[in-house]
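Some notes on the structure that comes next.
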Amino acid sequence: MEFLLKPWPWYVSGPLISLVMIVLIYFGKTFGMSSNLRTLCTMGGADNFASFFKFDWKSQIWNLTVVLGAVIGGFIAVNFLSDGSAIALNPETIANLDSLGFENAGASLLPPELYDWSSALTLKGSLILIGGGILVGFGTRYAGGCTSGHAITGLSNLQWPSLVAVIGFFIGGLIMVHFLFPLIFTA
């Protein structure tokens, strides 16, 4: 049980991800979370409104197991494999978050300053969540896939656009954390 409760080292999780990718490549499949949203929208009839959704969604239904696995795995992890301890954050990170107004940084996975109903239902909280969702959705489509699709599948297939996208994801993350995040939360 101790093995399941601790983070897995790279030399265990890395080869497991590689094994999954080898199997997917062998069967000619691709992996990514954003493609599941396209499949779900098409199943719901979005193909009647936009040509982007006109594709053979039945060939992608296997990928919905990724979403199902993420939901079931998250439920099991939180309810059965979590020991309730605080998240181990670097003290400098905790000090930085505290200076931005995040109290008890690391006490929970989702900071209440962003995800608590009392925060989310404010104008600022709603703008952050809705605006962030729109930007993530737009960015995912503009990049031709999500971080998991490009970083795992695309790089495994040695696709140049995926390398460019992953570099862009990291640059965008650095800009967000070091420049935009302080602007948003000190205002």
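Below is a table of values for the structure above.
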item: Filter pass, Ser148 being closer than 21 Å to Phe52 by Cβ, touching a residue at least 40 places away in the same chain (Cβ under 8 Å) and of a type in the set (Gly, Ala, Ser); result: yes
item: Residue ranges of helices (runs of 4 or more DSSP H) in segment 57-176 with at least 2 members of a type in the set (S, T, N, Q) and open to solvent by 70 Å² or more (accessible area, probe 1.4 Å); result: 64-80, 91-99
item: Verdict on Phe49 being among the aromatic types (Phe, Trp, Tyr) and open to solvent by 90 Å² or more (accessible area, probe 1.4 Å); result: yes
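The values are calculated or read from the model by the stated rules, or taken from the named source; none is laboratory data. Since we're looking at a predicted model, the values are computed, not measured. When we count neighbours, we look across all protein chains shown, and the Cβ atoms used for this are built from the backbone with ideal geometry, even at glycine. The accessibility values were calculated without ligands, DNA or RNA, using every heavy atom of the protein model including side chains. Shrake-Rupley method; radii C 1.70, N 1.55, O 1.52, S 1.80 Å.
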